[in-house]
1. Taking region 165-184, which residues are over 25 Å from V130 (Cβ atoms) and in contact with a Phe, Trp or Tyr (Cβ under 7 Å, 6 or more places away or on another chain)?
2. Criterion first (at pLDDT below 85, under 17 Å from G163 (Cα atoms) and of a type in the set (G, A, S)) does G77 satisfy it?
3. Go through region 190-206 and give me each residue that's at pLDDT 90 or above and either in a loop (DSSP other than H, G, I, E, B) or aromatic (F, W, Y) (or both).
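The values are calculated or read from the model by the stated rules, or taken from the named source; none is laboratory data. These numbers were taken from a predicted model, which means no experiment stands behind them. Every residue, glycine among them, receives a Cβ derived from its backbone with ideal geometry; neighbour counts consider all protein chains shown.
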Amino acid sequence: MGDGDGGSSTGLWLYDSTHGRILPVAAVGALLGVAFLVAWVAGVAFLGDAGTGSLEQMPGFGAGSWAEVIVRALVLGYTVTMPAIGIRLAAQQLELVRPHLGSSEEASHAAQSVLRVPPWWRWLGSAAGVAILLIFGDMAIAFSGESPALTPLWFALFGALLGRALAAHLHIGRAFSQLGRHFVPIDLLDRRPFAPLVSWGLRIFLAWVVWFGLTSLFFVDPGPRDPNWSNLLGIVPLALIGVGALLVPVWGIHARLREAKEGELARLDEAVRRERDSLWRDGASSSPELANLAGYRMLVADQSDWPLDVSTWLRFGFYLALGAGSWIGAALVEQIRGRALG
């Protein structure tokens, strides 16, 4: 099953025909990473310089160090599990949303679609990932003038898995957005029904922060060279993924909140005008009803049409700082080691 289609609704198992489970997807990712590492070691033993074990002697691989090989295995294994992580987190939050959706067939179908990533969507993401990484990888190699640390084969494999993960998470976010747009109830003063959509965005962003932390290890070079501070540009896609993870799932709710707020303010304005006109006609000096309407209107006007409060933004900022810190720390470690080694 891999990422949630045709078996367990949580997407945790490679095969699950009515709980006839075989292997967790996380274990598959770990095993694939280990297999990648073992294949590399075997390549050094049989294709490399048997006397030195030099990775540079391996035709078509060109890895700079054993540390880089290990990091590649870690990143590859984790990237394989990313679609399942997104679906697992979505399943958890969906259980919190279901009580608010009602019992209609349309709502049930919309909820189920959150966990079903179409195969064509995954393949499209994989193709886009391969194309983008091959293009930008060649550009980076040409710009640096150095021999590639990552081969085209690695770029293609890594891009396919990365694109697949991004496509799965984008699908889940869009499905949550549609769920919020049409089925999650809206109350300007009670935001609990759609809090799980916000929670999924934050949690999937944290999963990507871990991924970026692992990839930052690529840029901790053990050799004595000056750090390439342009590597810190990796913080840009981290921020973009974070903003997307936070906003895409709640976009439908945002539209509903905006419409509800505008409608409520329009009704209140009309009620205030009627009460004011009545007050003038009667010649009264004050009206408790008018004061209540004015106070409630101020309360409604102060409500945000985004389901994101201060605590949400603080958590987002903390996660972003963690991810950026891993890349900045990698650059600093590289600089310190470069100076220490001459």
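1. Initial filter on region 165-184 (over 25 Å from V130 (Cβ atoms)): 176-184.
Answer for region 165-184, where residues must be over 25 Å from V130 (Cβ atoms) and in contact with a Phe, Trp or Tyr (Cβ under 7 Å, 6 or more places away or on another chain): F176, S177, G180, V184.
2. Spelling it out, G77 is indeed at pLDDT below 85, under 17 Å from G163 (Cα atoms) and of a type in the set (G, A, S).
3. Scanning region 190-206 gives W200, F205.
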